[in-house]
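The values are calculated or read from the model by the stated rules, or taken from the named source; none is laboratory data. Remember, predicted model here, so these are calculated numbers, not experimental data. Cβ placement follows ideal geometry from the backbone for every residue including glycine, while neighbour counts extend to all protein chains displayed. All accessible areas refer to the heavy atoms of the entire protein, side chains included, with ligands and DNA or RNA removed. Shrake-Rupley method; radii C 1.70, N 1.55, O 1.52, S 1.80 Å.
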Amino acid sequence: MKYILVSGGVISGIGKGVIASSLGMLLKACGLRVTSIKIDPYLNIDAGTFSPYEHGEVFVLDDGGEVDLDLGNYERFLDVTLHRDNNITTGKIYQHVIQKERKGDYLGKTVQVVPHITDAIQEWVERVAKVSVDGDHKEPEVCIIELGGTVGDIEGMPFVEAFRQFQFKKKKENFCSIHVSLVPQPKATGEQKTKPTQASVRELRGLGIAPDLILCRSQTRLSDGIREKLSMFCHVSPEQVICVHDCTSVYRVPLLLAEQSMIPILRDQLKLQFRQRPNKILSRWRDLAERYDGATKEVTIALVGKYTKLEDSYISVMKALYHAGMHCRTRVHIKRIEADDLEPETQRTDPVRYYEAHQALCCADGILVPGGFGPRGGEGKILAAKWARENKKPYLGVCLGLQVAVIEFARNVLGWKDANSEENEKTSHNVIVEMPEHNTGHMGGTMRLGQRPTLFKTDKSVLRTLYGNPTKVEERHRHRYEVNPTMVEDFEKHGMKFVGHSEDGERMEIMELQDHPYMVGVQYHPEYLTRPMKPSAPYLGLVLASINRLQSYISKGCRMSPRSSFSDVESSDTEEEMAALLDSSGNLSLTDSPQVKQEL
Ligand code: GLN
């Protein structure tokens, strides 16, 4: 097993996750099996109880793990399925050690951060790195470990110490340390500044970890002078300084790293044996980046939510929209609308906000109501669903978004004026009811979580067609409430069809409104499984309907030169092709071949 530790310096939020995922993607493109571990040094056991306000979205895995949103980056870039243990928190490590202490495993010993916590961290990493993430049950060969926060944070210290020890256990050729730092360029002089990077590398070295590579985030390309300076002051060669300047999209990051010979650098450092040339996959990424930059159409989707001020609160939803947009060469503009700005109360207190919110809603080509919790903003979301239904605007409701569409229909079509969700209030028409087994009084990890199958009940379903006509789909869930199964008949009689159910037939998973271009609701969260090269079907439907292309797409057999996912790329080279690329020592040569060089 080869380990790549990615640490961060200067400030957090400079794209360490994207860089780490891109490194993994490059190695995967060379035919290696890659997994990843994200370390979050906070005390929470998992991200399940986080407010999206503070931390951004909670990402959900197949196994129901509620984890940091960075795991979404890894899944999307590496096209893998991670497990809850791929996210380590200080809380999880302490819980594990304290449980062992209570069992008597350390009997007679004083339990301490060093060695007990640091040992537990190393054991966790070694155990989880071996778990297959590809569905092929094969052990990964490379594990990318991203250490959250920045080097020097008090909370991160036990982790840094654990890896200081780990590097010696694993030997030089099995462990590579990458430090992602910032090279700011203050406006006043326009000069790139190396001091913050020098300081953070010094700090890292002081803690016993010498970086093998320094990846510098900067506004523009690093000049040669700056590279030299960093090399001199940070005790690395200029080739070990890699520049990751701002680019037009995250899809360019792997290409940028490949251009700077990242693949041969990692190969030499970690003595990797590649199985294929990365060219085919890299050219697909290049195509993806070009699709993103060169979109020919534009569409505006109103995202009617609650945490609309923090970009990260709906990160997977936004990715799903962008992936769908790239598929049909359309630039998706996401217009965030605070749901309570749409409510009559705001008309009284802040009429400007109220009218602006309504204007944004009315001008959008399509409407998306994402998942959410609690009653605040509920009425605004119901108004958005009403607008979409009455004006035949494409609408996708995800989880809570499905529930509000059902409430709106009950109130305004079925005439049940007091229709509501039990989450908001008890009424005589609770069209959304709680699932008692998921309302235990404990907040952490008790919802209906993770991957569960949805069976299609009919072939007259637009989503079924968009998914490629399967009998069932497996998507990820995170909810406590559901459509009231006793009322389904009333809805269906009036045109609101529940075309997908859970396996036992009890839970309504997919809603489609008849005589509407695209009014769809799903109880699951399809955004957790979107991939850059394989957009999520419900989101693709929304974007297509919003650019008026849904019908023609379907009538052409759902073809729009779709780009396949990694697994569909015929990636293995023939033996002759590989032989031609091997140098005298049997290594895969990438840069020596003019053709490859050009492609890279
Ligand atoms: N609050 C709703 C429920 O628990 C919806 C959850 C969600 O949108 N993720 O069912």
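Determine the relative contact order of region 63-176: mean sequence separation of Cα pairs under 8 Å and six or more apart, normalised by residue count, in whole percent.
Details: 66 pairs, mean separation 23.8, N = 114.
Relative contact order, region 63-176: 21 percent.
Please give the peptides 275-282, 463-470, 143-150 ranked by average Cβ packing (other Cβ atoms within 10 Å per residue), highest first, as a rough proxy for protection.
Details: 275-282: 20.4, 463-470: 17.1, 143-150: 24.4.
Packing order, densest peptide first, comes out as 143-150, 275-282, 463-470.
What residues qualify as long-range amide H neighbours of Glu509, i.e. H under 5 Å apart, gap of 5 or more or another chain, H built at 1.01 Å from N?
Long-range HN contacts for Glu509: Gly500, His501, Ser502.
With every protein chain present, what is the per residue accessible area of region 381-492 (1.4 Å probe, Å²)? Please report the intermediate quantities before stating the final value.
Numbers: 4610 Å² over 112 residues.
For region 381-492, the per-residue accessible area is 41 Å².
Which loop-located trypsin sites (Lys or Arg not before Pro) does region 111-202 contain, where loop means any DSSP state but H, G, I, E or B and the Cβ has at most 16 other Cβ atoms within 10 Å? Mind dumping the intermediate values first?
Values: sites: Arg127, Lys130, Lys138, Arg164, Lys169, Lys170, Lys171, Lys172, Lys187, Lys193, Arg202; in loops: Lys130, Lys138, Lys171, Lys187, Lys193.
Passing both the DSSP loop test and the Cβ count: Lys130, Lys138, Lys171, Lys187, Lys193.
Cα to Cα, under 17 Å, and not fewer than 8 places away if on the same chain: which lysines meet these conditions relative to Lys297?
Straight-line reach from Lys297, under 17 Å: Lys335.
What is the calculated FRET efficiency for Arg329 to Asp246, with r their C-beta to C-beta distance and R₀ = 22 Å, to the nearest 0.05?
Working: r = 23 Å, r/R0 = 1.07.
Efficiency for this residue pair is about 0.40.
Quick one: which of 211-218, 229-236, 15-22 comes out on top by average Cβ neighbours within 10 Å, and what's the full order, highest first? Kindly include the intermediate steps, with their values, before the conclusion.
Numbers: 211-218: 23.0, 229-236: 17.9, 15-22: 24.8.
In decreasing order of mean packing, 211-218, 229-236, 15-22 become 15-22, 211-218, 229-236.
Whole-Å semi-axes of region 296-347's equivalent ellipsoid, largest first, each the root of 5 times a Cα gyration tensor eigenvalue?
They are 25, 13, 6 Å, listed from largest to smallest.
Relative contact order (percent) for the chain, with alpha-carbon contacts under 8 angstrom and 6 or more residues of separation? Please list the in-between numbers first.
Values: 1178 pairs, mean separation 87.2, N = 600.
In percent, rounded to a whole number, it is 15.
Ala302's amide H: which non-local residues (gap 5+, or another chain) put their own amide H closer than 5 Å, with H modeled 1.01 Å from N in plane and none for Pro or chain starts?
The list, which skips near neighbours in sequence, is Lys335, Asp365, Gly366, Ile367, Leu368.
How big is the Kirkwood radius of region 1-79, worked out from every pair of different alpha carbons and given in Å to one decimal?
On the way: mean 1/r = 0.0729 Å⁻¹.
Evaluated on region 1-79, it is 13.7 Å.
Using the Kirkwood radius over C-alpha pairs as Rh, can you work out the diffusion coefficient of region 256-361 via Stokes-Einstein at 20 °C, viscosity 1.002 mPa s, in µm² per second?
For these conditions, the coefficient is 124 µm²/s.
Figure the gain on full extension for Lys130 and Gln165 (residue separation times 0.36 nm, minus the Cα-Cα span) and round it to one decimal in nm.
On the way: separation 35, 0.36 × 35 = 12.60 nm, distance 1.95 nm.
Between Lys130 and Gln165, full extension yields 10.7 nm more.
How compact is region 206-292 by the rule of thumb for globular proteins, expressed as Cα Rg over 2.2 N^0.38 Å? If you can, show how the numbers build up before the last one.
On the way: Rg = 14.7 Å, N = 87, 2.2 N^0.38 = 12.0 Å.
In units of the 2.2 N^0.38 Å rule of thumb, it is 1.23.
Please go through region 473-568 and write out the GluC sites (Glu not before Pro) that DSSP classes as loop and that have at most 16 other C-beta atoms within 10 Å. Provide the component values of the computation, followed by the final result.
Working: sites: Glu474, Glu475, Glu482, Glu489, Glu492, Glu503, Glu506, Glu509, Glu512, Glu527; in loops: Glu503, Glu506.
Here the sparse-neighbourhood loop sites are Glu503, Glu506.
Rg to Rh ratio, the chain, alpha-carbon atoms and Kirkwood radius?
Values: Rg = 25.4 Å, Rh = 25.7 Å.
Computed over Cα atoms, the ratio is 0.99.
Å³ per residue of the Cα convex hull, for region 295-437?
Numbers: hull volume 17.7 nm³, N = 143.
Per-residue hull volume (Cα only) is 124 Å³.
May I ask you to give the percent of accessible area on the chain that is carbon plus sulfur, with a probe radius of 1.4 Å?
Working: 12330 of 24890 Å².
In the chain, the share of accessible area belonging to carbon and sulfur is 50 percent.
Could you state the angle between the C-alpha long axis of helix 118-129 and the longest principal axis of the C-alpha atoms of the chain, as a value from 0 to 90 degrees rounded to the nearest 10?
70 degrees
Residue-wise, which Karplus ³J(HN,Hα) couplings in Hz belong to region 97-106, taking 6.51 cos²θ - 1.76 cosθ + 1.60, θ = phi - 60°, and x for glycine or proline?
5, 5, 4, 5, 4, 5, 6, x, 5, 9
May I ask for the Rg/Rh ratio of region 12-55, computed from Cα atoms with Rh as the Kirkwood radius, given to two decimals?
On the way: Rg = 13.9 Å, Rh = 12.8 Å.
That ratio is 1.09, to two decimals.
Name the residue farthest towards the positive end of the dipole of region 215-341 from the options Cys247, Ser283, His323, assuming +1 on Cβ of Lys and Arg, -1 on Cβ of Asp and Glu, about the Cα centre.
Value: Ser283.
Using alpha carbons only, how many angstrom separate the centre of region 480-554 from the centre of region 348-420?
Result: 16 Å between the Cα centres.
Report, to the nearest 10°, how far helix 400-412 tilts away from the longest principal axis of the Cα atoms in the chain, using its own Cα long axis and a range of 0 to 90°.
Helix 400-412 sits roughly 10 degrees off the main axis of the chain.
Per residue, how much accessible area does region 496-558 have with a 1.4 Å probe, in Å²?
Working: 2020 Å² over 63 residues.
Spelled out: the 1.4 Å probe surface of region 496-558, per residue, equals 32 Å².
Taking the C-alpha atoms of region 372-420, how large are the radius of gyration and the largest Cα-Cα span, Dmax, in Å?
10.1, 27
Express in nm, to one decimal, how much length is gained between Lys193 and Arg275 on full extension, taking 0.36 nm for each residue of separation and deducting their alpha carbon distance.
Additional length available on full extension: 25.5 nm.
How long are the three semi-axes of the equivalent ellipsoid of region 1-133, in whole Å, if each is the root of 5 times an eigenvalue of the C-alpha gyration tensor, listed from largest down? Mind dumping the intermediate values first?
On the way: eigenvalues 143, 66, 42 Å².
Three semi-axes, in Å: 27, 18, 14.
What is region 224-311's relative contact order, in percent, from Cα pairs under 8 angstrom and six or more apart in sequence?
Details: 32 pairs, mean separation 21.4, N = 88.
Taking the mean separation of contacting Cα pairs over the length of region 224-311, I get 24 percent.
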